[in-house]
1. With respect to the numbered conditions (1) within 21 Å of MET319 (Cβ to Cβ); (2) part of a loop (DSSP other than H, G, I, E, B); (3) open to solvent by 60 Å² or more (accessible area, probe 1.4 Å), which one is the sole condition not fulfilled by MET199?
2. Run down PHE93, PHE49 and say which single residue is at pLDDT 95 or above, surrounded by 17 or more Cβ atoms within 10 Å (Cβ to Cβ) and farther than 30 Å from GLU219 by Cα.
3. Taking GLU67, is it at pLDDT 95 or above, surrounded by fewer than 22 Cβ atoms within 10 Å (Cβ to Cβ) and more than 12 Å from ligand 1 (Cβ to nearest atom)?
4. Please identify the pairs in which a residue from the range 142-163 that is assigned to a strand (DSSP E or B) has its Cβ atom under 6 Å from the Cβ atom of a residue that is surrounded by 14 or more Cβ atoms within 10 Å (Cβ to Cβ), counting only partners at least 6 apart or on another chain.
5. Give LEU192, LEU123 a once-over and let me know the one that is among the hydrophobic types (A, V, I, L, M, F, W, C), within 13 Å of ligand 1 (Cβ to nearest atom) and at pLDDT 95 or above.
6. Please determine, by comparing only the residues of the range 114-139 that are in a strand (DSSP E or B) and among the aliphatic types (A, V, I, L, M), which one is farthest from ASP206 (Cα to Cα).
7. Examine the range 152-165 for a residue that is buried (at least 24 other Cβ atoms within 10 Å of the Cβ) and closer than 21 Å to ALA95 by Cβ, and state whether such a residue exists.
8. Look at ALA170 and say whether it is away from ligand 2 (no atom under 16 Å from the Cβ) and in contact with an Asp or Glu (Cβ under 9 Å, 6 or more places away or on another chain).
Amino acid sequence: MINISLIGSTGSIGRQVAEVVLRHKDKFRLISLAAGSNAKLLEQQANLFKPEIIALANPERASEIRELPKGTTLYTGEHALLHAVSEKADIVFVAVSGFAGLAPVLEAISMGKNVALANKETLVAGGEIVMRLAKEKGVKIIPVDSEHSAIFQCLGFNPEAEFRKLIITASGGAFRDLPKDKIEKMKAADALRHPNWNMGKKITIDCATLLNKGLEVIEACRLYNAPLEKVEAIVHPESIIHSMVEFCDGAIMAQLGYPSMEIPIQLALTYPKRLETGVPFLSLAGKSLNFAEIDGDRFPCFSLALDAFKKGGLYPCAMNAANEVAVELYLKDKIKFYDIPELISHSTENAKNGDVTYKSLVETDAEARRAVYEKAESL
Ligand code: NDP
Ligand code: MG
């Protein structure tokens, strides 16, 4: 039996982790659950899975939790997520969105726990300290993001295997085929009609701006210890190939499959073994595979992310925080599509660089958020 601490249980990924656990009840147990504000769903999950610990970060919503099973303890407030990183866990599954994932990831690694990591923002903002600490503690950071799971599979589950290039595929997002003057007018509601994947709102907007691909290139550099030159992103509208690895002899390995996060989620818990999923099998007859370069003119966020990574230090953290706030404002229809890259540029240009520590990351994150809210007022 594998005991799992699930951080971010109420989100799109978290709910799919819960489904995987239900499908293989004899193999997995949710020992602790943590969420942000969705008290009602957390309560339902607690009654279904009977974990020892549940945590709700937003204390104002805690009173909505009325009935818990005997033996389940509830924590609320700022540090609640850390309580949900259980001593008894065999693996900590981090499915929280945004910078909020960094603290539980560092907590899990400090406790010597392997981490199944869906939360890419953690590796973008704090990859340097996360990967260093993981190495020190002999802890595995197991990729859940579909592209990074595909690469992991192509590398034979060995993140240290040699390769020439990592090729990350991108669906192209909801506005892939639109000209710039149309994209300019698109609202969040349009972006949320994502063609191939069904995901949380923040990442769906990141897909529409292609900032998500920038984050994923950085994530790949961190996970596979690769310089930026060895990681390429390419638009592949069909989302059949989830990513590829090119080797020194010219061979390219690819991982294909129906686009469902259940496969990488489950594999992160079972690899190198594979178990059945509820995912349809892919029929290839009649399908075609297309590839195109990312259009930097229509989607400037992609290179903004990479520029921040090239500058290094605290810049990726500032870029990530600026984007989180810009996306939040776009989702509320308070800013326009191309205000997102403008706010990111503004915030990263004004960020101060320095040594990367947990404290400096938290300060940079807060400062970049403040700068974006302020700048957004003047747009
Ligand atoms: P969702 O928005 O659907 O879910 C986010 C989860 O995080 C919820 O459980 C939410 O709690 C919780 N949460 C958010 N902020 C906080 C906070 N400050 N404190 C505590 N909990 C918080 O996101 P997704 O599931 O789509 O994505 C999760 C992560 O996985 C992201 O980093 C994303 O980039 C990555 N990812 C997602 C994919 C997908 O298919 N969805 C694919 C690949 C990667 P609540 O709802 O209770 O407030
Ligand atoms: Mg992805």
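The values are calculated or read from the model by the stated rules, or taken from the named source; none is laboratory data. Since the structure is predicted, the reported quantities are computational estimates derived from the model, not experimental observations. Please note: Cβ atoms are built from the backbone with ideal geometry, for glycine as well, and neighbour counts cover all protein chains shown. What goes into the accessible areas is simple: the full protein's heavy atoms, side chains included, and nothing from ligands, DNA or RNA. Shrake-Rupley method; radii C 1.70, N 1.55, O 1.52, S 1.80 Å.
1. It is condition (3) that MET199 fails.
2. PHE49
3. Values: at pLDDT 95 or above: yes; surrounded by fewer than 22 Cβ atoms within 10 Å (Cβ to Cβ): yes; more than 12 Å from ligand 1 (Cβ to nearest atom): yes.
Yes, satisfied.
4. Cβ pairs passing all conditions: ILE142/ALA116; ILE142/ALA268; PRO143/SER149; PRO143/PHE152; PRO143/LEU223.
5. After ruling out the rest, the residue left standing is LEU123.
6. Only one residue tops the list, namely VAL115.
7. Narrowing the range 152-165 to residues buried (at least 24 other Cβ atoms within 10 Å of the Cβ): 152.
Applying the additional criterion that residues be closer than 21 Å to ALA95 by Cβ yields 152.
So far as the range 152-165 goes, yes, one or more of its residues are buried (at least 24 other Cβ atoms within 10 Å of the Cβ) and closer than 21 Å to ALA95 by Cβ.
8. no
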